[in-house]
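Read the structure below first, then the notes.
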Amino acid sequence: MLQKPRGTRDFLPEEMEQRRSIEQRMREVARRWGYREVCTPDFEHLELFTMKSGEGIIQEMYVFEDKSGRKMTLRPEVTAAVLRMYVNEGRVIPKPIRWCYFADCFRYERPQKGRYRQFWQFGVELIGADTALADAEVIMLADDMLRSTGVTFDLHVGHLAPMKHILSGLDPGDQGLIMACLDKHDLEGLEAVLAARGLSHLAEPLAALSGCRSVDEVFEVTGDVPERTRIEETFGILDSQGVSYRPDFGIARGLDYYTGTVFEGFARNLGAENQILGGGAYRLAHLFGGEDVASCGFAIGFDRVMVSLGEVELPHESVVGVVCTPEARTRALQVARAFREAGIRAEVDLMQRGLSAQVAHAAKTAEFVVIVGKREVEAGTVTLKNLSTGEQKEMGLEDAIAGVAGHGHR
RNA sequence: GCCAGGGUGGGGUAGUUGGUUAUCCUAAGGGACUGUGGAUCCCUCGACCCGGGUUCGAAUCUCGGCCCUGGCCCCA
């Protein structure tokens, strides 16, 4: 049998309905905050992503040549494309620009729990507002959106300036190593790296920074930094609005293009792949030929949210099985149409089953059965049977529709 | 890329000192049953991940690959 490609999934209707339901909650939150949906191509010029993230990412993307020999790739993320779109056609739009997207992305990596080669991200980008409130809004939106799904998570918020201040003057390679240790809160590894480079005097401030649980403590470690006022204002807004988060000034990994505020979210009940949110303030537009513009955004790992949530309860939907005898088929199709026009899901037998088998089948898949046979055709009625109670009654079509509509939601 | 554990009908499983036609449950289709229920009974459909090796004989042993699961690395 032909297998699906590695790291991809098929979704049966039951799972799709759950996914759409959670997606809809996220969309609704984005809408309320004024973030309008955009869509970019599933594939882009390879250059778009190498410009943003370097040549090293090529091995982790689905790269191909099109028939004209252009280097293309399936998108591994959406932010670069949104900023390209902004540079291409968004520059004349009044600022700030609030955009969101829900899109599948592709990365050629080893699959594991919560990590797939095709996966979905729900993200937002706020473009053109360079204020503390802009950063805070995006964080509050991320928090609101994750809460709407019901996922249990921890929100970490930080800023890159304090760490960069301590590390200023070191060579970039060493900075990277040190930041990786801090990001993992690996203090032993940190000490080893520092000792090997004769930088042991940095161990104490870096460890202190990693342990900071409030903004005040950060500046006790670093002293004044130019970004201090902005940082204090951002965190102050979050505090004033009762956002539940943990200050984390060790956030550092994989964030080369972030410029200031950074934040991450972690699902509490997932294993190794538990990060469900990543975002921050960045500047990218200049890479794609635009004027430099401040932006802030995030992406939610939709599939991980779904793994974390497990089974999602869906609203009840009444289903009607329309059952008929052969001579009543024309009338039965009219009856089914009338139910559908009233917004009720109605299904007819396609298998030429006998009446008994039709009812038995409906009992597996529906709450109601509407029987249309010779008797009903002659009387101009239908028989409505409630399959959960077993009650049945012959009545007019309008009454039957009202009876079903009054039963469930939707 | 690294480590570990796994792959038997659509789903779940039994079966490995190598030995007939591979077990059971479930789902699906049909029938018993031509105007009324998921029961019952009967029938049908349907699997040893792929390839090489050892052997008279491989689901079982062996090698390679593919895929899945958990962890590491990475994570734009």
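The values are calculated or read from the model by the stated rules, or taken from the named source; none is laboratory data. Owing to the predicted nature of the structure, the values given are computational and were not obtained by experimental measurement. Every residue, glycine among them, receives a Cβ derived from its backbone with ideal geometry; neighbour counts consider all protein chains shown. Remember, those area values only see protein heavy atoms, side chains included, never the ligands or the DNA or RNA. Shrake-Rupley method; radii C 1.70, N 1.55, O 1.52, S 1.80 Å.
Here are some notes:
- Residues being surrounded by fewer than 16 Cβ atoms within 10 Å (Cβ to Cβ) and more than 8 Å from RNA strand B (Cβ to nearest atom) - total across region A:346-362: 1
- Exclusive hit being acidic (Asp, Glu) and either surrounded by 17 or more Cβ atoms within 10 Å (Cβ to Cβ) or without any contact (Cβ under 8 Å) to a residue 12 or more places away in the chain (or both), set A:Glu311, A:Glu317, A:Glu264: A:Glu264
- In region A:82-100, of all residues being open to solvent by 90 Å² or more (accessible area, probe 1.4 Å) and not in a helix (DSSP H, G or I), the one that is nearest to A:Pro5 (Cα to Cα) corresponds to A:Arg91.
- Filtered residue count, region A:275-295, keeping only those that are open to solvent by less than 40 Å² (accessible area, probe 1.4 Å) and over 27 Å from A:Asn88 (Cα atoms): 2
- Positions within region A:238-261 being more than 10 Å from RNA strand B (Cβ to nearest atom), open to solvent by less than 30 Å² (accessible area, probe 1.4 Å) and outside any loop (DSSP other than H, G, I, E, B), in sequence order: A:Leu238, A:Pro247, A:Gly260, A:Thr261
- Residue check, A:Ser210 away from RNA strand B (no atom under 16 Å from the Cβ) and either open to solvent by 20 Å² or more (accessible area, probe 1.4 Å) or in contact with a Pro (Cβ under 9 Å, 6 or more places away or on another chain) (or both): no
- Failed item in (1) surrounded by 20 or more Cβ atoms within 10 Å (Cβ to Cβ); (2) within 14 Å of RNA strand B (Cβ to nearest atom), with A:Pro111 passing the rest: (1)
- Of the strands (runs of 3 or more DSSP E) lying entirely inside region A:1-81, the ones with 1 or more residues being in contact with a His (Cβ under 8 Å, 6 or more places away or on another chain) are found at A:71-74.
- Qualifying residues in region A:369-391 (those that are loosely packed, with under 13 Cβ neighbours inside 10 Å and outside any helix (DSSP H, G or I)) - the one nearest to RNA strand B (Cβ to nearest atom): A:Gly390
- Where a residue in region A:146-174 is over 22 Å from A:Glu264 (Cα atoms) and its partner, wherever it lies, is exposed (fewer than 15 other Cβ atoms within 10 Å of the Cβ), with Cβ under 9 Å and at least six apart: A:Leu170/A:Arg197; A:Asp174/A:Arg197
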